[in-house]
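Bear in mind these aren't lab numbers, they're just calculated from the coordinates by the rules spelled out. Quantities reported herein were computed from a predicted structural model and do not represent experimental measurements. Glycine gets a Cβ as well: all are built from the backbone with ideal geometry, and neighbour counts include every protein chain shown.
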Amino acid sequence: MYSISNQLIPDLILLALPFLILIVRLCSKRTTVMPWRIANLGLIATFVMLNMIPLTNSEGAFFLSNWRVDDFGVLMREVFVLSGILGLWLAKDYFDHGADGKPALMHITEFMATLIFATFGGFIVVSACDMLTLFLGLEMATIPMYALTAWNKRDQYGSEAATKYILMGSVATAFELFGFSYLYGFAGSIHFSQIASATSAGTSPLLWIALLFIFCGIGFKLTLFPFYTWAPDVYEGAPTPVTAVLSVTSKATAIAFLVVLLYGPLAPVQDKIVPLVALLACTTLFVGNLGALKQSRLRRFMAYSSIAQAGYIMIALLGPGYISKTAIVYYLFVYTVANYLAFFVFGVIGHYRPESFNSLRGLSKQNTLLAVALAAAMFSLAGIPPLAGFFGKFHLFFSGATAGHYMVVAFAVLNNVLALYYYLQVIKSAWADEPEGELSPIRMVKRQRFVVIALLAATILLGVLPFVSNNVFTGFTF
Amino acid sequence: MTNDVSISYLIFLMPLLTFVVNGLFLGKRSAKGAATFAILCNGVAFAAALFLAVGYFTSGFAPQKAVAFEMPFLKFAEGFVANIGLLVDPLSIMMLVVVTFIAFMVNIYSVGYMRGDRAEGRFFALLSLFSFSMLGLVAATNLFQMFIFWELVGVSSYLLIGFWYHKPSAVSASKQAFILTRFADSFFLLGIVLVSYVAQSFDFFNLNGLTLGAFADQTINLGVMEVSKATALTIGAVLIFTGGWGKSAMFPMHIWLPNAMEGPTPVSSIIHSATMVVAGVYLVARLFPFFAICGNTLTLIMWVGAFTMVFAAVIACTQKDIKRILAYSTLSQLGYMMFALGTCKIGDAVFTTGWTASTFHIFTHAFFKCSLFLIAGSLIHQVHTNDLDAMGGLRKKMPITYVCALISVLAISGIPPFSGFFSKDEIILSAFQGHHYAVFGLAVLTSGLTTFYMFRLFFLAFHGKPRSESVAAGHVHEDFAMTLPIAILAVPALLSGLLAGGLFEHYFVPGKLMVPQLLQLQEAHWIPYVAVGVAVVSLLIAWVLYASPKANINRALDDVNRSSIYKTIYHKFYFDEMYYCVVRQFVIGGIAKVARFIQDYIVEGIVAFVVWFFHALGRLVRTAQSGHLTFYLGTLIVGVILWRFIGHLPF
C-alpha cells in the first residue's frame, strides 16, 4: 500500500498528538503534568522533523493524490508549529493563576489539544490540492479559535468576544462557501489543477463573483478592511495567550490560504486580481495604523498593530510567486518572533497589573530585561534596521516593487512613519514615563525568562545576521 | 595595501565593544570604569583610523577605491546581493578619521560634563553605539548597508536626545527628530528599492559608473505611469536625496535639529553638528557621479542647500539660546556643504570644485563646530543656563576656553588663516564657477551673517560685564576634563585648513572622480578678498553692537523693542537710536521676522496640521469600533459591495 514517507511524519505526529494527550489525561489523576510534557515533546519533535525535510525546489510530493508537501508548505508548517509552541508556553502561566483581572484558566489539556487542532488546520491549508480540503483546513483552523476565545468561562468579556467572533465568522464562512460554489460552477471541478486550466482557458463573471466572495471571506480571517471590526473586540476579550495565537497562527493560516490560491489555481488571473489586493493592502494598513494611534489597552493596541501588519503582508502578494512566497515566509517568522516577544512581556506584566499602557510605566527601572525586550519587539515591528522586522518588511516591499507597484509600496513605506509613532508610545511608556506610586514587584519564572531572552536574541540576530535564515531563501525558487 | 587594512576592524570593533561592555556590565556598576573604558576604546579606534589613513595616503595606492573586506549579507537573487563591507577611498578614510577623533574628544569631554549624572554608564554605552553606527555608515560599500546604519544612527540619536527622559521637552524632541527623519528615510528606502531594482545593484561603485543611455529605451511601470528606466533612475535619485534632506535637516525638514538641542551638549556636539547631520551631505558626495548624471537632481540639491543656508543664518541672528544659535549655524553650514555639491554642473558637463569644497568643509566644520558646542556646553555647565542674557564677562574666568572659542569663531567666519576660510572660500568659488551667480551672492551674504551672529554670541558670552550672579561672584572655573578636548580641538580648528588643504587638493581632485564630461575651470582669485572683506565688515558691526565700549548691551538684548512696532516708531526720533533701529528693527527684525514667520507658522503649522489630521482620522476609526455587533455584521455586507464596485475586478 502506501509507504509513509518521512515528509508525512510531522503531520502524523501533530495529528496524533491531541488524541494522545486527551487519552493520557483521561487515564491519569487530575493533577498530572504528563499531557503538558507530551504536548511539548510532540510539538518540538514536529518542529525538529520539519526542519529535517530537505527543501527540494520542486512541485512537491503528493500523498493520497491530494495531500501535497512542498517547500512553502514545509516552511509554513514551521511557522505554525513555532507559533503553537510559543502559544502554549505563554498560556501555561495563565492556568496557574489569573491575570489582567481575570480568573485563572482551567482544563489545560483540552486547551492544548484545541490549540494543536487549530495548528493542524494550518497544515491542511498548505497541503490542500482541492477546494474541499482547503475549506476543511481553514475551518479546522478557525473553529478551535472560537472555543479558545471563550476558554475563560468565568470571564463574561471572553464570552462576549467569542459570540461576536463566531457570529461574524459564520457569515464570513458563508461568503467563502458561496465563492467556492461559484468557482466550482465556473471550473466544473474542485481540484486545483482543473481550476487552473479553466482559468487559463478564459474567464467569466462567475469567476469574478467567486473571487470577490472568497476575498471577502478570507478578509475576515486576515482582518482586512473593512472586515477587521471583530478583531479589536475579540483580541481584547480573549485570554492573552489566545490573542497571541490569534494574531499569529490565525493570520498565518489565512495568508497561506491566499498564497495557495493565488499562486496555485488562480495564477493565470493573478494580474487581474492585483488591483484588488493592492487596495485591500493599502486600506488595511492605513486603518490599522490609524486605529492604533491612541490606545490605552495593550491587547487592543496589538489588535490594531496586527491589522496593519496584515496589510503589509498583503503587499507581498502583488509580486511574482517565488519572491512573494519567500517574503511572506520570512516575514511571518520575523513577525511571530516579535509579536510573541511583545506578548510575553505583556503576559509577565499582566500577572501583576492590568494590561494597559499605564502598567508599563517605570518598567525600565524595575526590570531592564523586559524593557529592552519590549523595545526590541516594538522596533522590530516598526521595521527599524538592523532588527529582523526591517528585513522582513524590505522583502515584502521588494516583492511589491518587483511587479512595479511603486505607489502601493510608497504608501506603505510612508505609513511606516505613522506606525513608528505608536510603537514609540509603547517604548516611551516603558522607558520615559515615571510610575504612579509604588510599583508591585515583577517576577519571571524560568520559562518566561528563557523565552524572553531567546526571542530577544532571535529578533536581534535574525536582523544582524540575516544569512542564518538563508535556508528560507536558497532552494526556494518554485 | 591589505596590510594596512588588517587593523581596520579595530575601528568598528572598539565602539561596539564599548557599547556591549558598558551597556551590559560596566555601566551600572561603575560610572568611572565605564568612562575610562569608553575613552580607552575610542582612543584605540582613533589610533587605528589614523594608522589606516596614514597607510593609505602614503601607499601610493591612494585615490583609488578599495574594498577592505566584504561579505554577503542578504541575497535577493543570484548576482543581486547586499553586502556588508568596508570601503576604503579618500572620502571614507577622511570621515573615519573625523568620526573617531570627534568621538574620542567627546568621550573625554563627557567625563566632565556628565559627572554625577544618574545614568553616566548608559550615556557612554549609547555614545559608543552612535559612533559604531556612524562608522558603519561612512564605511558602507552599498546603499543597503548605508541604509541600515543610517537608521541605526537615527535610533541612537533618538535615544541620546531623549537621554534625560525625565524632561518632557527632551522626550518630545527626541520623538520629533526620530519620526521626522524617519519620514524622510521612507523616501530614501523607496529610492533604494527603485534604483536597485532598475540598476540591479546596491553597490556604490556600480551606481557611480552608470550611464543613463543604456536605460533610455527600456521602460518600467511605476504603478501610475510608464516611464523610461532613465527617468525612473532620476526619480530614484531624488528619493534617495530626500533621505539626506531629512537627515541633514534641510528646510523645511530642519525643525527637528534646533529642538534636538534638548539632549546633553556632548550629544549635540557629536551627533547634531559634527557627524550625523553631515550624513546627508556625505550621501550626496558618495553618490555624486550618480546624482550628476540624473537630470537636474544637482540643481534641486543646490537650491535646497542654498535656501537652508540663508534661512538658518537669518534665524540664528535672533536667537538668544546659545545652543540654538549653534544649531541654526550648523544648519546654515550644512546648507553650504549641500549647495556646493549641487553647483557642479554646467549643462551636461560636470566639474568637481564643489565636491572637493564640500568634503573639505565637512572636514573643517567638524572640528570647529564640535569645539564650539563643547565650549557652549562648558559655559552652560558653569553658568547653568543656555541664555546669553545671563552670560557675559567670562573672558577672565575661562581664559583657555576664551582663546579656543576665538579660534573656532574665526574659523567659522572664514577669516584666514583659520580652517573655515579655506573650505568656505572654495565653496563660494564653486558657485561662481558654476555660473550660479544668485547662489554666489547668497553665499557671500550668508558668510557675512555667519560672522555677525557668531561674534554676537562670542561677545555676549565672553565680553562685557557679567550679567549673572554666579559669574560675578566668581563661582566659575574651567573643568580640566572639559577644557582639554576643547584645547585639543582648537588645533585642527586653527590648522586643518592650512595643512589638510593639500591633501584635499591632491586626492579629492577632478579626474579622480568618475564623472562624464569633466570640466576644468579657472580659479577666480578675487573671491577670497570679497569673502574676507564681508566677514570683516560683519565682525565690526557685531563689535560695535555688542562689544565696543559704547555698546548698549541691555538695549541690544532687549526683547521688548524687537516686537513692538510702537516702540520702533518711538525710538526712531532719537538719533542714537537710529543705529539700532536700522540694524535691529529692519535688517534683523524685518528679515528675521519673515524667516521666523515661515518657521513658526508655515512649517510648524503644516506639521501640526498633519498630526491633527491623522489623529482625527484615528478618532474616526476608533469611533467606528463601537462594539455593536449589528454594525460589525453590516461592515461585512458593505465590504462586499464596496470591493465589488471599487475593487477593479473586471466584471
| query | Where does chain A land at 222 nm, in deg cm²/dmol rounded to the nearest 500, when only DSSP H runs of n ≥ 4 count, each adding -39500 (n - 2.57), divided by all residues? | reply | -24000 deg cm²/dmol
| Mean Cα-pair separation over length for chain A, i.e. relative contact order, pairs under 8 Å, 6 or more apart, % | 15 percent
| Per-residue HN-Hα couplings for the range B:422-429, Karplus 6.51 cos²θ - 1.76 cosθ + 1.60 at θ = phi - 60°, whole Hz, x for Gly and Pro? | 5, 6, 5, 4, 5, 5, 4, 4
| request: Collect residues whose amide H, placed 1.01 Å from N in the peptide plane, falls under 5 Å from the amide H of B:Thr219; neighbours closer than 5 in sequence don't count. | output: B:Lys229
| field | Extreme residue, positive dipole direction of the range A:271-478, given options A:Ala308, A:Ala412, A:Val452 (C-beta unit charges) | value | A:Val452
| field | Spin-label pair A:Glu59/B:Glu226, simplified geometry with 7 Å Cα→Cβ offset, distance in nm | value | 3.5 nm
| note | Ignoring trypsin sites (Lys or Arg not before Pro) buried by more than 13 other Cβ within 10 Å or outside DSSP loops, the longest site-free run in chain B is B:119-395
| note | For chain A, the longest principal axis of the Cα atoms and the Cα long axis of helix A:298-316 enclose an angle in degrees, to the nearest 10, of 30 degrees
| said: What's the magnitude of the charge dipole for the protein assembly as shown around its Cα centre, counting Lys and Arg as +1 and Asp and Glu as -1 at the beta-carbon? Answer in Debye, nearest 20. | reply: 2240 debye
| note | Karplus ³J(HN,Hα) for the range B:615-622 (6.51 cos²θ - 1.76 cosθ + 1.60, θ = phi - 60°; Hz, whole; x = Gly/Pro) runs 5, 5, 4, x, 4, 4, 4, 5
| message | Once you keep just the Cα pairs under 8 angstrom separated by 6 or more residues, what percentage relative contact order results for the range A:271-478? | response | 29 percent
| request: Mind sorting B:Asp425, A:Asp433, B:Asp185 by how few other Cβ atoms lie within 10 Å of their own Cβ, fewest first? | output: A:Asp433, B:Asp425, B:Asp185
| task | Please work out the ratio of the alpha-carbon Rg of the protein assembly as shown to 2.2 N^0.38 Å and round it to two decimals. | result | 1.00
| note | Along the range A:341-352, Karplus-curve 3J(HN,Hα) (6.51, -1.76, 1.60; θ = phi - 60°) to the nearest Hz, with x for Gly and Pro, reads 4, 4, 5, 5, 4, 4, x, 4, 5, x, 6, 10
| B:Lys396: which lysines have alpha carbons under 19 Å from its alpha carbon, excluding same-chain residues fewer than 8 sequence positions away? | B:Lys465
| What angle do you read, to the nearest 10 degrees and between 0 and 90, between the alpha-carbon axis of helix A:108-127 and the longest principal axis of chain A? | 30 degrees
| field | Net +/- balance of residues flanking A:Glu434 in space, Cβ distance below 10 Å, scoring K and R +1, D and E -1 | value | 0
| Sequence of B:Thr211, A:Thr240, A:Thr199 once ranked by neighbouring C-beta atoms within 10 Å, starting from the fewest | B:Thr211, A:Thr199, A:Thr240
| Using r as the Cβ-Cβ distance of B:Leu406 and A:Phe450, and R0 as 60 Å, what FRET efficiency do you calculate, to the nearest 0.05? | 0.50
| note | So, relative contact order of the range A:135-197 in percent, Cα under 8 Å, 6 or more apart, is 16 percent
| In straight Cα distance, which lysines are under 23 Å from B:Lys32, not counting same-chain residues fewer than 8 positions off? | A:Lys365
| Does the range B:34-113 come out rounded, prolate or oblate, given a ≥ b ≥ c as the square roots of the eigenvalues of its C-alpha gyration tensor, rounded meaning a/c under 1.5 and, failing that, prolate meaning a/b above b/c? | oblate
| field | With Cα atoms, 0 to 90° folded angle of helix A:446-464 axis to chain A main axis | value | 50 degrees
| said: Taking the alpha-carbon distance from A:Lys102 and a cut-off under 18 Å, which lysines remain once sequence neighbours fewer than 8 residues away in the same chain are dropped? | reply: A:Lys92, A:Lys153
